[in-house]
1. Binned at 10 Å from 0, what are the whole-percent values of the Cα-Cα distance distribution for chain A, short to long?
2. Suppose each label sits 7 Å from its Cα in the direction of the beta carbon; what would the residue A:21-residue A:204 distance come out to in nanometres?
3. Quick one: divide the alpha-carbon radius of gyration of the range A:63-105 by 2.2 N^0.38 Å and tell me what you get.
4. For chain A, what does the relative contact order come out to in percent, with C-alpha contacts under 8 Å and a separation of six or more?
5. How far apart, in nanometres, would the label points at residue B:50 and residue A:128 be if each is projected 7 angstrom from Cα along the Cα-to-Cβ direction?
6. If you fit an axis through the alpha-carbon atoms of helix A:118-129 and take the longest principal axis of the Cα set of chain A, what angle between them do you get, 0 to 90°, nearest 10?
7. Modelling each spin label as a point 7 Å along the Cα-to-Cβ direction, I'd like the residue B:40/residue A:170 distance in nm, to one decimal.
8. Extent of the range A:143-202 along each principal axis, from alpha carbon coordinates, in Å, largest to smallest?
């Protein structure tokens, strides 16, 4: 996924850059002020490691096309959407510069979908389902992944409406969703299993370790 | 588009086709500064995985090594 280089009209590129920048600044400030003890630093490393691995896995899906997971579930569950935006931006920049995947002009839009709005929905789900942590992590990861692609579809529809009315935006959004959503749902479920496994192995252990050392 | 869905190509490429169907006049207005060739792309993707896996593996290893 990710909107490819040059595929958003300049005014939309500018719009999404302006949208994303405050989140990145806030997220960077939050990392500086909140991530101070060792456990948090290790958890931050786990979060970005997970995003690096997952967002590079181009997986074939049941629909016969390829796509890849976003890997933002763990980050957003642990640190919230602002910090997730910063971590996603690092990965998106790597992919835009070295892999020609996504792009510099569309970076703002891709950060908005993968780093901010998608994870934000996952974060809300986590807040609601928090009581059972395993289920909460599972649901949050899946929702963050699928919503990322829903947002991408809407971003593309806003830039490429089928007609000049509101209905045209809807029509385009549904067409883009048809491409992304069906491919993405099985991938999102797979990603969620991985996220729960990592969460179980790493995060719980770390948190337990912190308690016993204290 | 149906054919595209069955050929295991990237969903992002299918989306680009849809863009061209909706607005045939649209041309990408900016090209990637650097575009890796097929093999280099595979390598750089695996470097990305390696960076992430190294971090995760190191941390999991440390945690299990703890008494």
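No lab work stands behind these numbers, since they all come straight from the coordinates. This one's a predicted model, so the numbers in the text were calculated from it and none came from an experiment. Don't worry about glycine lacking a Cβ; one is built from the backbone with ideal geometry, like all the others, and counts go over all protein chains shown.
1. Per 10 Å bin, starting at 0, the Cα pair percentages come out as 9, 34, 36, 15, 4, 1, 0.
2. Going by the 7 Å Cα→Cβ label model, 4.4 nm.
3. Working: Rg = 12.3 Å, N = 43, 2.2 N^0.38 = 9.2 Å.
Ratio of Rg to 2.2 N^0.38 Å for the range A:63-105: 1.34.
4. Working: 350 pairs, mean separation 52.2, N = 214.
Relative contact order here is 24 percent.
5. 4.2
6. Taking Cα atoms only, the helix is inclined about 50 degrees.
7. About 4.7 nm separates the two model spin labels.
8. Cα spread of the range A:143-202 along its principal axes, largest to smallest: 51, 17, 12 Å.
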